[in-house]
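The values are calculated or read from the model by the stated rules, or taken from the named source; none is laboratory data. For clarity, every value in this text was computed on a predicted model and none was experimentally measured. Reconstructed Cβ throughout: ideal geometry from the backbone, glycine too, with neighbour counts over all protein chains shown. Only protein heavy atoms, including side chains, enter the accessible area calculation; ligands, DNA and RNA are left aside. Shrake-Rupley method; radii C 1.70, N 1.55, O 1.52, S 1.80 Å.
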Amino acid sequence: GSVGLASSLVKTTMRSAVAALLLASAAGFSLAPRPAAVSTPRCSSPEMCGILAVVNSKLSPEALRLQTLTLQRLVRHRGPDGSGIHVVQSPDGKRCSSIAHERLAIVDPLSGNQPLFSHDMKRSLAVNGEIYNHKQLAAKLNDTTAFRTASDCEVIVHAFDEYGVDTASKLDGDFAFVILNDETGEVYAARDPIGINSLYMGTGLDGAVWF
């Protein structure tokens, strides 16, 4: 009895295995061993910029600039067309902030270097992305002061002057950006709703906020 039962179980198991193989084959799956992973050059064809921001660090302006420049090199492969950095100190002199950008020039390759600035130079912007409705948004702004560049992203920092924290909801595009208020040290950071462009946030050992 036990031998017959074991034989029956073996046959059932074999039939199930064969059925699984047939289903896998019909679905287009391969049960063959996967080939070894092939390493490729790091970001051999860059398709986006790189941004970095450090907010309210206890480092001196000189030390923070050096630290930012050092870490900025880690994302340089993402933006081979230009680099920019802006460092500010808080009014009380106790904290510093920096904002940096590695550029992949697509729109306005001649004058669109970042960080970008508000008309009064009190806010700086580093952004990765493309704003599809930048012309329509610029046309709706109450402030008609001419932009410094033809970059599709400059409108973000000017829109912030009028829309504040609602700025991101006015944008149509893929984006991740940081706006730094040079006078107050306040920061506004956002990314597109889907997350096409990633934006990471962390805290440094000295309590600084990193993007």
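For the reader, a short list of remarks on this structure follows.
- Charge dipole (debye, nearest 20) of region 153-211; +1 at Cβ of Lys and Arg, -1 at Cβ of Asp and Glu: 260 debye
- Span from the region 122-156 Cα centroid across to the region 179-209 one, whole angstrom: 19 Å
- Annotation for Gln67 and Ala146: the two label points, set 7 Å from Cα along the Cα-Cβ direction, are 4.0 nm apart.
- Set of aspartates and glutamates with alpha-carbon distance to Lys140 below 20 Å, sequence-local pairs under 8 removed: Asp120, Glu130, Asp152, Glu154, Asp161, Glu162, Asp166, Asp172
- When all protein chains stay in place and ligands, DNA and RNA are ignored, the 1.4 Å accessible-area order of Thr149, Thr70, largest first, is Thr70, Thr149.
- Candidate lysines for bridging to Lys58, where Cα separation is under 19 Å - those fewer than 8 sequence places away on the same chain excluded: Lys94
- Taking the average, over residues, of other Cβ atoms within 10 Å as the packing measure, peptides 50-56, 162-168 rank 50-56, 162-168 from highest down.
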